[in-house]
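What follows is one structure encoded as structure tokens, with my remarks underneath.
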Amino acid sequence: MHCLACNKITRSDEQLKCIACKGCYHYKCYNLSTSFYKDNLHELKRQWKCQSCKLVTRRKDDNTPVRKQLSSPPADISDMSSDNITPQTVDFTEKSASVLPSATITYDQFSALLDLKLSDMRSAIREDINCAICKLKAEFTERTDHLAALQCDMQIKLDTATKNIAKMETEKTALESHINKLNSRISIILEKNSRGCNFEIQCVPEKKNENLVSIVCNLLKEIKISISETNI
């Protein structure tokens, strides 16, 4: 359960539970020492009331559940005025083991107590904010480190790819040069082979209006070689 004074979780070994409203408080929020709390634990559990329930003004014939738990008779409000009302809060001094603390405090004391609680709340809020900021910083650092590692890895891959491209371009140039040389050699070989299939006819008398193709065909027939005119 949460303490109604500081709004923090209470443990069973540090609880003060009001017998009227069932509200829970830290005994330290009521400025009770640990030794006093442990020594009077049974009595505190049996009859302790919070300050709000102590200051409540009961009505006649009030039949509420809180009213049933109050053992004292209803107060006489016939002659009550604002001048006669004395604010009551917890006595911060330790009494005997059989009597619970009950006394008055001044508004200055109440203001000091309120300032103390507000200071504790501000400290708790500041601590929560600092923890959240540290967590965000850690997450941001982790993300930036991860991005930096990815960027470094990508840069290494890019450099490797650039080197490979340059190497491939060099190899391409060398291959193109080699292919050109091979083409030249093939052309020369083909030309030589073509020339090797040719033959030359010499010492044939030249006549006017002679048909050279017909002469070649007749010579080939004599040596028994068949060839078409298109190949001459």
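Scan the range 202-218 for residues that are closer than 17 Å to SER228 by Cβ and either at pLDDT below 75 or not β-branched (Val, Ile, Thr) (or both) and report the count. Residues that pass the stated criteria total 5. With respect to CYS203, is the statement that it is on the phi > 0 side of the Ramachandran plot and without any contact (Cβ under 8 Å) to a residue 24 or more places away in the chain true? So CYS203 fits the description; yes.
Which of the following residues is aliphatic (A, V, I, L, M), more than 27 Å from PHE36 (Cα to Cα) and either surrounded by 12 or more Cβ atoms within 10 Å (Cβ to Cβ) or at pLDDT 50 or above (or both): ALA103, ALA112, ALA132?
Details: ALA103 fails: more than 27 Å from PHE36 (Cα to Cα); ALA112 fails: more than 27 Å from PHE36 (Cα to Cα).
Every option except ALA132 fails the conditions.
Identify all residues within the range 216-232 that are in contact (Cβ under 8 Å) with a residue 12 or more places away in the chain and in a helix (DSSP H, G or I); write none if there are none. If the condition is that a residue be in contact (Cβ under 8 Å) with a residue 12 or more places away in the chain and in a helix (DSSP H, G or I), then VAL216, CYS217, LEU219, GLU229 are the ones that fit.
The values are calculated or read from the model by the stated rules, or taken from the named source; none is laboratory data. In this text, all values refer to a predicted model and were calculated from it rather than measured experimentally. Glycine also receives a Cβ, built like all others from the backbone with ideal geometry; neighbour counts cover every protein chain displayed.
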